[in-house]
Amino acid sequence: MIVYKTEEEIELMRASAKVLAQAHGEVAKLIKEGVTTRQLDQRAEEFIRDNGGVPSFKGYNDFPFSLCISPNSVVVHGFPSDYTLKDGDVISVDGGVFLNGYHSDSAYTYPVGNVAPEVLALLQRTKESLYLGIEQAIAGNRMGDISYAVQQHVEKQGYGVVRELVGHGVGKKLHERPEVPNYGKRGSGLKLQTGLVIAIEPMVNLGTQKIVQEKDGWTIRTKDKMPSAHFEHTVVVRKDKAEVLTSFEYIEKALQ
């Protein structure tokens with residue numbers, strides 16, 4: 001069942017999304033060579049709890065951390081660890097906040113130091129595809145319009161769009177119906193209605209779309225071990241223009 005949100009519920013979700021956006025900003029301040037991914041996770045959890053929230057991911061299906069931190073060829077669901085960021089790395093940071101009874105969810109992929117131009121281009125095009133998908137999240141459109149917008153933008157650059165992992169509804173549960181694929185046909189799928197809140201999250205690989213799961217049961221890596229990028233916002237379907245609840249503004253301020 002798809003749960004459409006009232007304006008009152010969206011306001012509660014907006015507060016959750018703000019804490020998440022600020023937590024991402026705190027993480028962004030720390031991203032540099034020599035920092036461990038575990039340190040990033042600890043800072044995010046500290047900030048979220050200090051601001052009245054709970055990390056959505058911690059304990060979700062027994063996931064042991066507050067963030068998914070995925071370097072280089074790891075697409076998503078990477079475990080924070082003693083891995084130390086190095087010059088030339090790219091790192092996806094994915095997090096969620098539970099506050100006021102509602103979740104929010106967003107992700108951002110960072111370059112560390114001097115990153116190869118073709119990898120920087122992957123990050124830029126993936127981020128662009130997120131916003132192209134968001135542009136289609138308006139009442140009367142179909143889910144396939146979002147999916148197609150993402151897919152066509154990145155595939156024309158020769159990148160691989162991950163098929164097995166998708167965006168999703170967000171609300172009282174972290175993952176709700178419907179699924180939001182990053183590939184599809186225009187005019188196909190669910191008809192979008194006002195009050196639908198979804199996480200749109202392109203996961204795009206520099207090489208093949210194929211992925212493999214590691215033995216920990218969580219970590220997803222590109223099969224060819226080429227870099228991957230992941231950007232995500234929590235979005236409300238509206239009549240004329242989608243509303244983005246999460247924000248990259250605190251990240252971008254930290255990176256200036």
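The values are calculated or read from the model by the stated rules, or taken from the named source; none is laboratory data. Remember, it's a predicted structure, so these values are computed and weren't measured experimentally. Accessible surface areas use protein heavy atoms only, side chains included; no ligands, DNA or RNA. Shrake-Rupley method; radii C 1.70, N 1.55, O 1.52, S 1.80 Å.
Structure above, values below:
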read-out	value
Accessible area (Å², per residue) of the chain, counting only protein heavy atoms and a probe of 1.4 Å	43 Å²
For the stretch 64-80, 3J(HN,Hα) per residue [Karplus equation, 6.51 cos²θ - 1.76 cosθ + 1.60, θ = phi - 60°, Hz, x = Gly/Pro]	x, 10, 8, 10, 8, 10, 10, x, 6, 7, 7, 6, 8, 6, x, 7, x
Integer Hz, Karplus 6.51/-1.76/1.60 couplings in order for the stretch 240-256, x for Gly and Pro	10, 8, 4, 10, 8, 7, 6, 8, 9, 4, 6, 4, 5, 5, 5, 8, 5
Solvent-accessible surface (1.4 angstrom probe) belonging to Met226, in square angstrom, nearest 10	70 Å²
Protein accessible area in the chain, 1.4 Å probe - carbon and sulfur %	49 percent
For the stretch 85-224, alpha-carbon Rg relative to the globular expectation (2.2 N^0.38 Å, N residues)	1.08
Overall dimensions of the stretch 124-194 as given by Cα atoms, namely Rg and Dmax in Å	11.9, 37
All Cα pairs of the stretch 146-239, percent lying beyond 24 Å	25 percent
Pairs from Lys18/Lys210; Lys172/Lys210; Lys32/Lys215; Lys191/Lys241 whose Cα-Cα separation, in the structure shown, is over 22 Å	Lys18/Lys210; Lys172/Lys210; Lys32/Lys215
Evaluated at q = 0.17 Å⁻¹: base-10 log I(q)/I(0), Debye formula over Cα of the chain	-1.33
Phi-based couplings in Hz for the stretch 11-28 (Karplus 6.51, -1.76, 1.60; Gly and Pro marked x)	4, 5, 5, 4, 5, 4, 5, 5, 4, 5, 4, 5, 4, 4, x, 5, 5, 4
